Amino acid sequence: KGSLTINNSTIISQRGMTCLSTDPTSTNSVWRANQIDVSHCEDDVRPGNNSVLTNSYIHDQLGTASSHYDTCDTSTVHGNGWDIEHNTLINNYGQTSAAWLVGNGTFKDNFLAGGSYTLYAENGPLGIEGTVLSTMIHPEGGQYGPVCPTFPFTGTWANNTWYDGPNAGQAVAKP
């Protein structure tokens, strides 16, 4: 058992990672990850300032009854300059999110499914573009809906659509 810690300036490419514990895959450090497959973590990845996550598959969280599942979470650092593009982020639980975004960063061309709300976005300016939400886990995207409505969203929201379900191909409403 253990966890993978990604330290400052780490570059990871084409790797499969399994946490085997509830610890997150990173500790809010600056890192670059491309084509990684992360599973069996409670909170899978936590990009810090200027971190980059691309072309990756983050899925199948593992935790306890009290776990707070986030597939990709920038809320713990309120980071700036992170770039999260071309990823598949799936939360199989009705708890928290496929992506919780806080700070100033780019979230582009990602595929999201599951969570309480599939996406939490707060404290911009965030750029959320070309993101596709799925009903594969919950009929509303997340257990309560696609995007959490309780946080102020001040960023760019463009070309975000539904992948499947009754609204397939239609725009996802801006929070």
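Using only the Cα atoms of segment 27-175, build the gyration tensor, take square roots of its eigenvalues as a ≥ b ≥ c, and label the shape rounded, prolate or oblate: rounded if a/c is under 1.5, else prolate if a/b is larger than b/c, else oblate. Since a/c stays below 1.5, the shape of segment 27-175 is classed as rounded.
If a/c stays under 1.5 just call it rounded; otherwise compare a/b with b/c (prolate if a/b is bigger, oblate if not). Do that for segment 94-173, with a ≥ b ≥ c from the square roots of the Cα gyration tensor eigenvalues. Let's see the in-between values first.
Details: a/c = 1.99, a/b = 1.33, b/c = 1.50.
Since a/c reaches 1.5 but b/c is at least a/b, the shape of segment 94-173 is classed as oblate.
Since every read-out is calculated from the coordinates, none of them should be taken as a lab result. Just so we're clear, the structure is a prediction, and the values are computed from it rather than from any experiment.
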